Amino acid sequence: AKDGGGDEPPEQFLCPITMELMEDPVTCKDGSSYERKAIEAWIEKHGTSPLSREPLSKNEVFPNRVLKEVIEAFKKQLNVS
């Protein structure tokens, strides 16, 4: 981590909707990743991508397994140090 902020998660680990560390990250067709519950609730309410404002449906949300693994490794690293 740069500038000694080793405990702070990288911005890409945070859901753009909740601004919290993602537990179940998903990717949408807008290319962004979100926390699954947050984006599903957003889609139900708005029917669009929160970032691009383009139409978005729940069947256009896919698990982001790589990001989930990287976040899990980050959390383990925090517990160790």
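The values are calculated or read from the model by the stated rules, or taken from the named source; none is laboratory data. If you're wondering where the values come from, they're calculated on a predicted model, not measured in any experiment. Every residue, glycine as well, gets a Cβ built from its backbone with ideal geometry; the counts of neighbours run over all protein chains shown. Note: areas computed on protein heavy atoms with side chains; ligands, DNA, RNA excluded. Shrake-Rupley method; radii C 1.70, N 1.55, O 1.52, S 1.80 Å.
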List, please: which pairs have Cβ atoms under 7 Å, are six or more places apart or on different chains, and start with a residue in segment 51-76 that is over 15 Å from Tyr34 (Cβ atoms) and end with one that is of a type in the set (S, T, N, Q)? Pro55/Thr48
With the requirement that a residue be at pLDDT 95 or above and open to solvent by 50 Å² or more (accessible area, probe 1.4 Å), what does segment 25-39 give you? Arg36, Lys37
Looking at the structure I just gave you, is Glu72 surrounded by fewer than 16 Cβ atoms within 10 Å (Cβ to Cβ) and within 9 Å of the chain's Cα centre (by Cα)? no
